[in-house]
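Everything on this sheet refers to the single structure shown next.
The values are calculated or read from the model by the stated rules, or taken from the named source; none is laboratory data. A quick note: this is a predicted structure, and the numbers were derived from the prediction, not measured. Cβ atoms come from the backbone with ideal geometry, glycine included; neighbour counts cover every protein chain shown.
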Amino acid sequence: VCPPCVEVVPCPGKGNGLFAKEAFSEGDVLFEENPVCGTAILMFSEKERAAAHCAHCTVHLGTGAEAESCPRHCGLRYCSKECLGEAWWAHHAILCSAVNPAYVAYEEHARECSNEYYILAARALAGLRHKGDDSSALHSAPWSGYASPLWWETMRRPVYGGSSSSSSSQSDCEAQTTWGSCPASAKGSSDDGGGSSMDRFFQSTVQAQTAETASLLLAALEADIDGNSTDPKCRGHQLLQGVEGLGRLVGLLRVNALGVMASPSPGEEGQSEPEEAPKEGAGSSDGLVRGMAMYAVASAMNHDATPNCYVASDPYAPVRCIVKAMRPIALGEEISIDYLQSAPFSAKERQAILENQYGIPSELSCT
Ligand SMILES: [Zn+2]
Ligand SMILES: [Zn+2]
């Protein structure tokens, strides 16, 4: 799986790390990679604009004349038969809202939690149905070597953009929900005096939410599709292994998923679309629709505030990530990226996200 020019090496205290097996010059492409199970998810907050993108590779559908629709008429559209086929194989044969009411309920729950990681987790587990029907499938998953902390144990109360900041609370909350880390129950807790006991309360709330999520996911993965058994079931109860199984998978996704940026109309620079009036608080100012995906190799890269590489999305298939050198890299040097390279956060917000989401101590995360 790993391209010959780099290698994944266990990295004490940081899980895995990625290292250069040859020297690179500034601007070199180190490697390109498709996401695990082929899937990315576009952010809930950009739902309307995301509907104009292929539901698999996330490329913009243009006029839509040649788009392929899900044959069950769930409403999802794809740029090609290939994308429809890949999504079908990976997860959509099971996780289609037209035939799986339990998945409709699950998706609604994930949306209420503002947590896209729940959708990525469902797709990752659905993809494992091709790998056999017992828990050994989990150990042969492409991400089985990654650190997978229980995600509620890494949670702190959302603090970024807090008391001393004058920025509006609306944008603070957007930043939090965009990163899937702000359950509704935590909003409005402006008391800073509680300290760690408040963190524990917050963590137990997240754990309870995860337990509810796990039972909804189980129902979605084990649903009877089309009233027959032509599609092998997921045996979700073995794959999930209770609330801890989902807690570790979400923890793994929170630490390892990378951003995906889908451009409005790749390769049509000369024919720029009329600027849609940007709605207040909806979408991003640069016109990109944001999402995320997990990668088998690229996800091994560690964070550095002064990284030697950056990640770009292939404009013709945004789920595909391209890792490029931003300065010369020596043989044997660790490959690093800025986890928040395109995120519009203040220094304080960045530090809080890096510490809370990725477990990176503040002395390593400050710029
Ligand atoms: Zn596509
Ligand atoms: Zn469908």
Across (1) touching a helix residue (DSSP H, G or I) at 6+ places or on another chain (Cβ under 6 Å); (2) within 11 Å of ligand 1 (Cβ to nearest atom), K81 clears everything bar (1)
Taking first residues from the stretch 54-75 that are within 22 Å of N34 (Cα to Cα) and second residues anywhere that are β-branched (V, I, T) and within 13 Å of ligand 1 (Cβ to nearest atom), the pairs with Cβ under 6 Å that are 6 or more apart or on different chains are C57/V319; T58/V319
Of the conditions (1) of a type in the set (K, R); (2) within 15 Å of ligand 2 (Cβ to nearest atom); (3) modelled with pLDDT under 75, the single one that R156 does not satisfy is (2)
Taking the stretch 107-144 and the residues there that are at pLDDT 75 or above and part of a loop (DSSP other than H, G, I, E, B), the one that is nearest to the chain's Cα centre (by Cα) would be N115
Of those in the stretch 302-317 that are out of contact with any helix residue (DSSP H, G or I) (no Cβ under 8 Å at 6 or more places or on another chain) and either in a strand (DSSP E or B) or free of Cβ contacts under 8 Å to residues at least 24 places away in the same chain (or both), the residue farthest from A20 (Cα to Cα) is A317
If we ask which residues in the stretch 33-73 are within 28 Å of L249 (Cα to Cα), at pLDDT 90 or above and more than 16 Å from ligand 1 (Cβ to nearest atom), their number turns out to be 1
When V59 is run through (1) surrounded by 22 or more Cβ atoms within 10 Å (Cβ to Cβ); (2) closer than 20 Å to A126 by Cβ; (3) β-branched (V, I, T), the failure sits at (2)
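Rundown of residues vs (1) free of Cβ contacts under 8 Å to residues at least 60 places away in the same chain; (2) surrounded by fewer than 19 Cβ atoms within 10 Å (Cβ to Cβ); (3) in a strand (DSSP E or B), yes/no style:
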residue: V319; (1), (2), (3): no, no, yes
residue: L331; (1), (2), (3): no, yes, no
residue: K348; (1), (2), (3): no, yes, no
residue: L354; (1), (2), (3): yes, no, no
residue: Q357; (1), (2), (3): no, no, no
Scanning the stretch 89-110 for residues that are surrounded by fewer than 20 Cβ atoms within 10 Å (Cβ to Cβ) and either within 16 Å of ligand 1 (Cβ to nearest atom) or within 21 Å of P35 (Cβ to Cβ) (or both) gives W89, A93, E107
